[in-house]
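Participant: One structure, pasted below without further comment.
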Amino acid sequence: MSAAGPFIGGNRTDVGGVPVSTDHYIGGQRVASAATFDDRSPLDWSVKLADVSRGDAAIAEMAVSAAAEAFPEWAAMGVKGRGEVMRRVADLIDEHVPSLAAVECLDMAMLEESLRLRVLSRGARNFRAYAELAEQYEERVWSSNGTANRVMRMPAGPTVVITPWNAPFMLSTWKCAPALAAGNTVVLKPAEWSPLSCSLLADLCHEAGMPAGVFNVVQGIGEEVGGALVADPRLKRISFTGSPDTARHIGRAAAANIVPFTAELGGKGPFIVFADADLEAAAKKAAGQFDDSGQVCLAGTRLLVEASVRDEFLRLFHHFADQHVLGDSRDSATTISPMIHPDHAARVAGFVERARANGDTILRGGARSPLGGDDGLWYEPTLIEPRSNDSEVVQHEVFGPVLTFQTFADEAEAVHLANSTAYGLSAIVYTSSQQRAERMGRAVRAGTIWTNCFLVRDLTAPFGGCGISGIGREGGDYALDFYSDLKMFQVLDGTTA
């Protein structure tokens with residue numbers, strides 16, 4: 001992977017055969033910090049991948065200044081000019097998928113085959129799709145009260161994007177692409193547990209000829225550099241994906257400066273299976289919720305199964321779950337990767353131990369895998385039948401390979417259980433009845449509901465959650481509207497030059 005110009009502080013390290021900068025990317029150049037933080041591989045925690053520049057308030061100020069300085073020129077380029085640059089970025093992403101996959105696999109342990117074949121290409125699609133959507137925007141035009149009226153989008157201004165450690169490259173493009181297409185400049189702050197593929201995204205934007213300061217990457221610990229970024233009064237938009245607790249801090253900073261803020265904050269999705277469903281298909285898809293070691297916000301982690309088919313569903317579920325293979329994420333035979341970090345692995349294990357102490361029934365799994373020895377981050381695929389719907393493991397996001405299992409008597413109870421947590425990001429329903437699917441689609445409170453499928457995504461569709469799963473919507477024109485200011489333009493009929 002090459003760079004199109006000179007960099008300041010060109011500290012690079014070899015990750016899976018790919019040279020990766022460990023410095024910030026600000027104003028079109030690499031900027032090093034005196035302080036660093038360790039970045040280690042979940043595949044082998046004894047392996048330090050890199051010493052990464054550790055940003056602070058001064059780095060945050062530098063990055064926002066670069067974005068603010070670059071904003072007028074980028075906004076003035078118009079959707080066509082910006083689209084040309086973004087399509088070049090997309091082409092470069094496609095060209096470098098193998099390198100990106102090698103780095104992200106080592107950095108956060110997502111399955112390398114999945115990254116190569118499915119996940120990373122979505123980054124290129126995001127850049128192309130939003131370039132096209134921005135170009136297709138049609139101003140609303142009408143006449144009333146003796147005036148000609150138009151509603152126009154205006155670029156909002158410098159934007160801070162803060163992304164999570166799971167699927168960091170794809171999720172960064174999902175947020176940054178619409179912001180850039182709308183005419184905003186961006187400061188991206190990736191999660192400190194998996195920052196390296198976002199550093200490569202900076203290289204690709206640089207190589208594509210994106211003007212200096214339009215796209216910036218700042219690395220570091222959230223409370224040290226992220227807090228300074230979101231508190232900057234020059235910001236016009238903030239977009240965050242992560243935990244509700246962090247979102248509350250960011251929300252307070254956004255409120256202080258009256259800055260629009262969108263947040264996607266995880267989920268506790270119900271996976272609802274009715275007796276009339278294709279039980280084999282439902283059980284196979286349910287066992288698939290262990291993919292990526294359960295570190296997927298959209299996963300259906302609460303299995304809700306009609307009581308009359310409990311035993312048959314469990315038989316099928318265990319059959320498919322038994323086919324999972326824990327192993328090295330670079331091995332195509334592996335289906336379950338290690339978790340991201342020892343702190344996170346301990347958190348997941350804590351949920352299971354408290355569930356056991358609470359009298360919840362462990363139906364399968366319930367322990368760390370011996371794979372990787374004492375420092376290994378693999379956890380057995382786990383299914384827990386709680387004593388009650390109030391159990392902690394039911395009501396709180398675990399974000400690991402841990403599912404719960406409950407039964408319901410009828411549709412009304414299924415809806416009650418589905419809506420009984422504070423979350424509302426996604427839901428999955430399996431039924432052969434179109435009428436029931438329609439009723440459940442209306443009754444279940446969630447931002448996205450899949451029926452007889454999962455993770456079928458349309459980039460133009462709205463994405464976001466209800467309750468503590470977040471505020472605002474991403475995707476399609478919903479994202480472009482968020483990253484824009486709307487202007488009402490009126491001209492008195494008969495006005496001449």
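Participant: Residues of the range 433-467 being touching a helix residue (DSSP H, G or I) at 6+ places or on another chain (Cβ under 9 Å), farther than 19 Å from PRO260 by Cβ and not in a loop (DSSP other than H, G, I, E, B), which ones?
Facilitator: Correct list: ARG436, ARG439, MET440, ALA443, ILE449, THR451.
Participant: Identify the single condition in (1) in contact (Cβ under 8 Å) with a residue 40 or more places away in the chain; (2) touching a helix residue (DSSP H, G or I) at 6+ places or on another chain (Cβ under 6 Å) that ALA179 does not satisfy, given that it satisfies every other one.
Facilitator: For ALA179, the exception is condition (2).
Participant: May I pose another question? Restricting the range 114-123 to residues that are over 17 Å from ALA202 (Cβ atoms) and among the small types (Gly, Ala, Ser), which is least open to solvent (accessible area, probe 1.4 Å)?
Facilitator: Only one residue tops the list, namely SER114.
Participant: Then there's this: Identify, by number, the condition in (1) out of contact with any Cys (no Cβ under 7 Å at 6 or more places or on another chain); (2) crowded, with 18+ Cβ neighbours inside 10 Å; (3) touching a residue at least 40 places away in the same chain (Cβ under 8 Å); (4) outside any strand (DSSP E or B) that VAL259 doesn't meet.
Facilitator: Among (1) out of contact with any Cys (no Cβ under 7 Å at 6 or more places or on another chain); (2) crowded, with 18+ Cβ neighbours inside 10 Å; (3) touching a residue at least 40 places away in the same chain (Cβ under 8 Å); (4) outside any strand (DSSP E or B), the lone unmet condition for VAL259 is (3).
Participant: Then there's this: For the range 370-431, please list each of the strands (runs of 3 or more DSSP E) lying entirely inside it that holds at least 1 residues being among the acidic types (Asp, Glu) and farther than 29 Å from PRO338 by Cβ.
Facilitator: Numbers: elements: 382-385, 402-408, 426-430.
In the range 370-431, there are no strands (runs of 3 or more DSSP E) which contain 1 or more residues that are among the acidic types (Asp, Glu) and farther than 29 Å from PRO338 by Cβ.
Participant: Related question: Does the range 92-113 hold any residues that are open to solvent by 10 Å² or more (accessible area, probe 1.4 Å), out of contact with any Gly (no Cβ under 7 Å at 6 or more places or on another chain) and touching a residue at least 60 places away in the same chain (Cβ under 8 Å), and which are they?
Facilitator: Pass one, the range 92-113, residues open to solvent by 10 Å² or more (accessible area, probe 1.4 Å): 92, 94-99, 102, 106, 110-113.
Still in the list and also out of contact with any Gly (no Cβ under 7 Å at 6 or more places or on another chain): 92, 94-99, 110-113.
The answer is LEU92, HIS96, SER99, MET110, LEU111, GLU112, GLU113.
Participant: Just one of the numbered conditions (1) over 21 Å from PHE482 (Cβ atoms); (2) in contact with a helix residue (DSSP H, G or I) (Cβ under 7 Å, 6 or more places away or on another chain); (3) not charged (D, E, K, R) is not true of VAL187; which one?
Facilitator: VAL187 satisfies every listed condition except (1).
Participant: Can you tell me which residue is farthest from ILE340 (Cα to Cα) among those in the range 21-39 that are without any contact (Cβ under 8 Å) to a residue 24 or more places away in the chain and open to solvent by 30 Å² or more (accessible area, probe 1.4 Å)?
Facilitator: Going residue by residue through the range 21-39, those that are without any contact (Cβ under 8 Å) to a residue 24 or more places away in the chain are 30, 34-36, 38.
If we keep only those that are open to solvent by 30 Å² or more (accessible area, probe 1.4 Å) too, we end up with 34-36, 38.
Values: ALA34: 26, ALA35: 23, THR36: 20, ASP38: 14 Å.
In this case the residue turns out to be ALA34.
Participant: Just checking, does the range 91-105 include any residue being among the hydroxyl-bearing types (Ser, Thr, Tyr), closer than 16 Å to CYS198 by Cβ and part of a helix (DSSP H, G or I)?
Facilitator: Our first condition is that a residue be among the hydroxyl-bearing types (Ser, Thr, Tyr); within the range 91-105, this holds for 99.
Filter once more, so that each one left must be closer than 16 Å to CYS198 by Cβ: 99.
The next check asks that each one be part of a helix (DSSP H, G or I); those that pass are 99.
Yes, that holds for at least one residue.
Participant: Considering only residues of the range 196-221 that are under 22 Å from GLU95 (Cβ atoms) and not in a helix (DSSP H, G or I), which is nearest to the chain's Cα centre (by Cα)? Working first, answer last.
Facilitator: If we filter the range 196-221 for residues that are under 22 Å from GLU95 (Cβ atoms), which is where we start, we get 196-211, 214-215, 217.
Okay, now just the ones that are also not in a helix (DSSP H, G or I), so 208-211, 214-215, 217.
Details: ALA208: 24, GLY209: 26, MET210: 24, PRO211: 26, VAL214: 22, PHE215: 19, VAL217: 17 Å.
So the residue we want is VAL217.
Participant: Give me the residue from the range 275-332 that is open to solvent by 10 Å² or more (accessible area, probe 1.4 Å) and part of a strand (DSSP E or B) and, out of that set, nearest to CYS453 (Cα to Cα).
Facilitator: Per the stated criteria, the residue is THR301.
Participant: In addition: Could you run through the range 437-458 and say how many residues are open to solvent by 80 Å² or more (accessible area, probe 1.4 Å) and either modelled with pLDDT of 95 or more or in contact with a strand residue (DSSP E or B) (Cβ under 9 Å, 6 or more places away or on another chain) (or both)? It would help to see each step written out before you state the result.
Facilitator: Step one: list which residues in the range 437-458 are open to solvent by 80 Å² or more (accessible area, probe 1.4 Å), which gives 438-439, 442, 445, 456, 458.
Cutting the leftovers down to either modelled with pLDDT of 95 or more or in contact with a strand residue (DSSP E or B) (Cβ under 9 Å, 6 or more places away or on another chain) (or both) gives us 438-439, 442, 445, 456.
Residues in the range 437-458 being open to solvent by 80 Å² or more (accessible area, probe 1.4 Å) and either modelled with pLDDT of 95 or more or in contact with a strand residue (DSSP E or B) (Cβ under 9 Å, 6 or more places away or on another chain) (or both): 5 in total.
Participant: Something else about it: For the range 356-413, enumerate the residues that are within 23 Å of ASP322 (Cβ to Cβ) and of a type in the set (Gly, Ala, Ser).
Facilitator: Of everything in the range 356-413, those that are within 23 Å of ASP322 (Cβ to Cβ) and of a type in the set (Gly, Ala, Ser) turn out to be GLY365, GLY366, ALA367, SER369, GLY372, GLY376, GLY400.
Participant: I'd like the residue in the range 427-472 that is aromatic (Phe, Trp, Tyr) and in contact (Cβ under 8 Å) with a residue 40 or more places away in the chain and, out of all such residues, is nearest to ALA287 (Cα to Cα).
Facilitator: Going residue by residue through the range 427-472, those that are aromatic (Phe, Trp, Tyr) are 430, 450, 454, 463.
Checking the rest, the ones that are also in contact (Cβ under 8 Å) with a residue 40 or more places away in the chain come to 430, 454, 463.
Numbers: TYR430: 14, PHE454: 12, PHE463: 24 Å.
Applying the filter and picking the extreme gives PHE454.
Participant: Across the range 361-405, what is the total count of residues that are in contact (Cβ under 8 Å) with a residue 24 or more places away in the chain, of a type in the set (Asp, Glu) and more than 18 Å from LEU303 (Cα to Cα)? Before the answer, list the steps.
Facilitator: Restricting attention to the range 361-405, the residues satisfying the condition of being in contact (Cβ under 8 Å) with a residue 24 or more places away in the chain are 361, 363-365, 369, 371-372, 375-387, 389, 391-405.
Imposing the further condition that a residue be of a type in the set (Asp, Glu) reduces the set to 375, 380, 385, 392, 397.
Right, trim to more than 18 Å from LEU303 (Cα to Cα) and you get 375.
Number satisfying all stated conditions: 1.
Participant: Determine whether GLY475 is in contact (Cβ under 8 Å) with a residue 12 or more places away in the chain, out of contact with any helix residue (DSSP H, G or I) (no Cβ under 7 Å at 6 or more places or on another chain), over 30 Å from TYR137 (Cα atoms) and crowded, with 18+ Cβ neighbours inside 10 Å. Can you show your working first?
Facilitator: Values: in contact (Cβ under 8 Å) with a residue 12 or more places away in the chain: yes; out of contact with any helix residue (DSSP H, G or I) (no Cβ under 7 Å at 6 or more places or on another chain): yes; over 30 Å from TYR137 (Cα atoms): no; crowded, with 18+ Cβ neighbours inside 10 Å: yes.
Judged against the criteria, GLY475 is not a match.
Participant: Going residue by residue through the range 353-373, is there one that turns out to be of a type in the set (A, V, I, L, M), open to solvent by 40 Å² or more (accessible area, probe 1.4 Å) and within 26 Å of LEU115 (Cβ to Cβ)?
Facilitator: Yes - at least one qualifying residue is present in the range 353-373.
Participant: Restricting to the range 130-167, name every residue that is touching a residue at least 60 places away in the same chain (Cβ under 8 Å), surrounded by 24 or more Cβ atoms within 10 Å (Cβ to Cβ) and in a helix (DSSP H, G or I).
Facilitator: Matches in the range 130-167: TYR130, ALA134.
The values are calculated or read from the model by the stated rules, or taken from the named source; none is laboratory data. Nothing here was measured: the structure is a model prediction, and the numbers come from that model. Cβ: placed from backbone, ideal geometry, glycine included. Neighbour counts: every protein chain shown. Side chains included, ligands, DNA and RNA excluded: accessible areas come from the protein's heavy atoms. Shrake-Rupley method; radii C 1.70, N 1.55, O 1.52, S 1.80 Å.
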